[in-house]
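**Student:** Mind looking over this structure? Questions follow.
The values are calculated or read from the model by the stated rules, or taken from the named source; none is laboratory data. It should be emphasised that the depicted structure is a prediction, and the values quoted were computed from it without experimental measurement. Quick reminder, even Gly has a Cβ in these numbers, built from the backbone with ideal geometry, and neighbours come from all protein chains shown. Accessible surface areas use protein heavy atoms only, side chains included; no ligands, DNA or RNA. Shrake-Rupley method; radii C 1.70, N 1.55, O 1.52, S 1.80 Å.
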Amino acid sequence: MSGYQLAENVSLQGRNTFRVPARANMMADVKRPEALAELFDFAMLRNGPVMVLGEGSNLLFADDYPGVVICLTMSDIRILSENASGALVRCDAGVNWNDLVGWTLARGLVGLENMALIPGTVGAAPIQNIGAYGAEVRESIEMVEAFQRDTGQIKRLSNADCEFAYRDSLFKREADRWVVTAVELRLPRERELRLEYAGVREELFSMGVEQPRAVHVAEAISRIRTRKLPNPALVGNAGSFFKNPIVSAAQTDALRDEHPTLPVYPTGDESLRKVSAAWLIEQAGWKGFREGDAGISSQHALVLVNHGSATGPQLLALARRVAASVSDKFGVALEPEPRIIGASFAG
Ligand code: EPU
């Protein structure tokens, strides 16, 4: 048994949430992490590139894929150890992230509630250190298990080894080198709830919840997300298309003098600030813009949308125009958040 299954010339249109047309030269469904070594040998023989595809919720295909697209289908979740204060949970890469959030909350484990309803797989979560509503996955990760392409081995990386940063990690910086196969999370049974992010308390109030528990927070955040972000089942998108830019404190102060309503967040580094990309894009006049079927969501300015038949290159061209206009108007460079396959954002 090889542990993987290959198909040729596969359409990727139903496998990316932008729903742009693209084809993969080959696709491999991988059932066991040990099969990766064999598969990579095969791919090298063929001399083609390789990429891992989860739910396709954080990437834009700007072209057909000339190599092998790997889909990891391992989907086990289990508790490795537990005591009165918490548990260590192991989850395979192929599990849907929100299913893991629900699984842990149902067992009285907390820590993931603010990240409810983030699209994508568990394997993708550490790659860009997913986060929302005041929490990031790096806070809960104990260990990441990943196939290392150059050694052909499965490695266990500690939290520090992963070099997490805002929407970034070693796995993102060395994307060709790693395939995340499983994640281990340390989750407590009790933790102070994080309700400071704008809108969370209000949502709990409107749900009639007076003494919130983690499950209520997950429910409140799911409701906010459903309302604020366009549903990829209805309109193609990959969530935030741009990262919130990190800008020097001096430049932020100058921007704030001119634009007092610009939202600014701390970064943990006194000399740097994170500013709201959505605000910059909206002020530059792009919110709700549409040309053909490529557009900027009228619900949220950070979200690039495909209203139907936009192609990857059309969406990419629009994103570049948006970034250029924000750079002209505010002197701030925007970087894309999703992976762009088949082109570089800079062009
Ligand atoms: N804003 C606008 N116009 C808009 C939307 C927002 O001006 O159309 C301004 C508002 O002032 C708002 C502020 O931007 O208060 C922040 O907006 P929001 O709370 O939606 O957060 P964000 O910084 O735009 C980030 C993440 C989201 C995550 C939310 C909530 C990034 C790139 N995005 O967005 O993550 O859901 O915070 O925590 O960090 C994703 O990564 O795909 C994603 C959706």
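**Student:** Filter region 90-140 down to residues that are assigned to a loop (DSSP other than H, G, I, E, B) and polar (S, T, N, Q), then give me how many there are. Can you show your working first?
**Tutor:** Kept after step one, since they are assigned to a loop (DSSP other than H, G, I, E, B), are these residues of region 90-140: 93-95, 107-112, 116-120, 122-130, 133-134, 140.
Retained after the next criterion (residues that are polar (S, T, N, Q)): 128-129, 140.
Selection size over region 90-140: 3.
**Student:** Sticking with this structure for a sec: Please go through region 276-295 and give me each residue that is within 9 Å of the ligand (Cβ to nearest atom) and outside any loop (DSSP other than H, G, I, E, B), ordered by number.
**Tutor:** Across region 276-295, the qualifying residues are Ala277, Ala278, Trp279, Leu280, Ile281, Glu282, Gln283.
**Student:** Do you know which residues across region 296-312 are away from the ligand (no atom under 16 Å from the Cβ) and either farther than 20 Å from Gly14 by Cβ or open to solvent by 40 Å² or more (accessible area, probe 1.4 Å) (or both)? Steps first, answer last, please.
**Tutor:** We begin by selecting, within region 296-312, every residue away from the ligand (no atom under 16 Å from the Cβ); these are 307-312.
Scanning region 296-312 gives His307, Gly308, Ser309, Thr311.
**Student:** I'd like the residue in region 37-60 that is modelled with pLDDT of 95 or more and more than 15 Å from Ala175 (Cβ to Cβ) and, out of all such residues, is most open to solvent (accessible area, probe 1.4 Å).
**Tutor:** The residue in question is Glu55.
**Student:** Another one. Taking strands (runs of 3 or more DSSP E) that fall entirely within region 167-261, which contain at least 1 residues that are more than 24 Å from the chain's Cα centre (by Cα)? Lay out the reasoning, then the answer.
**Tutor:** On the way: elements: 178-188, 236-240, 246-248.
Result: 246-248.
**Student:** Going through Ile77, Ile70 one at a time, which residue ends up being open to solvent by less than 10 Å² (accessible area, probe 1.4 Å) and at negative phi?
**Tutor:** Working: Ile77 fails: open to solvent by less than 10 Å² (accessible area, probe 1.4 Å).
Result: Ile70 is the single residue among Ile77, Ile70 that is open to solvent by less than 10 Å² (accessible area, probe 1.4 Å) and at negative phi.
**Student:** So in region 225-246, with the set limited to residues that are among the aliphatic types (A, V, I, L, M) and in contact with a Leu (Cβ under 7 Å, 6 or more places away or on another chain), which one is nearest to the ligand (Cβ to nearest atom)?
**Tutor:** Here the answer is Ala238.
**Student:** Moving on to the next point. If I ask for residues that are over 21 Å from Leu109 (Cβ atoms) and surrounded by fewer than 17 Cβ atoms within 10 Å (Cβ to Cβ), which ones from region 169-190 would you list?
**Tutor:** Selection gives Arg173, Glu174, Ala175, Asp176, Arg177.
**Student:** Across region 255-271, what is the number of residues that are surrounded by fewer than 13 Cβ atoms within 10 Å (Cβ to Cβ) and either in the same structural domain as Ile130 (by TED's automatic domain parsing) or more than 11 Å from the ligand (Cβ to nearest atom) (or both)?
**Tutor:** Of the residues in region 255-271, 8 are surrounded by fewer than 13 Cβ atoms within 10 Å (Cβ to Cβ) and either in the same structural domain as Ile130 (by TED's automatic domain parsing) or more than 11 Å from the ligand (Cβ to nearest atom) (or both).
**Student:** Polar (S, T, N, Q), under 26 Å from Arg273 (Cα atoms) and open to solvent by 20 Å² or more (accessible area, probe 1.4 Å): does that describe Asn129? Please lay out each step first, then the result.
**Tutor:** Details: polar (S, T, N, Q): yes; under 26 Å from Arg273 (Cα atoms): yes; open to solvent by 20 Å² or more (accessible area, probe 1.4 Å): no.
When the stated conditions are applied, Asn129 does not pass them.
**Student:** Just to be sure I understand the filter: pairs with C-beta atoms under 6 Å, separated by 6 or more residues or on different chains, first member in region 50-68 and in contact (Cβ under 8 Å) with a residue 24 or more places away in the chain, second member away from the ligand (no atom under 16 Å from the Cβ) and charged (D, E, K, R). Which pairs pass?
**Tutor:** Pairs that qualify, where the first residue is in contact (Cβ under 8 Å) with a residue 24 or more places away in the chain and the partner is away from the ligand (no atom under 16 Å from the Cβ) and charged (D, E, K, R), are Gly56/Arg15; Asp64/Arg23.
**Student:** Might you check whether a residue that is surrounded by 21 or more Cβ atoms within 10 Å (Cβ to Cβ), touching a residue at least 60 places away in the same chain (Cβ under 8 Å), of a type outside the set (Val, Ile, Thr) and in contact with a helix residue (DSSP H, G or I) (Cβ under 9 Å, 6 or more places away or on another chain) occurs anywhere in region 313-321?
**Tutor:** Checked against the condition, which is being surrounded by 21 or more Cβ atoms within 10 Å (Cβ to Cβ), touching a residue at least 60 places away in the same chain (Cβ under 8 Å), of a type outside the set (Val, Ile, Thr) and in contact with a helix residue (DSSP H, G or I) (Cβ under 9 Å, 6 or more places away or on another chain), region 313-321 yields no hits at all.
**Student:** If you check every pair at least six apart or on different chains, which have Cβ atoms under 6 Å apart with a residue in region 257-268 that is touching a residue at least 12 places away in the same chain (Cβ under 8 Å) and under 16 Å from Asn244 (Cβ atoms) first and a residue that is within 12 Å of the ligand (Cβ to nearest atom) and of a type in the set (Gly, Ala, Ser) second?
**Tutor:** Taking only residues 6 or more apart or on different chains, the pairs are Pro263/Ser276.
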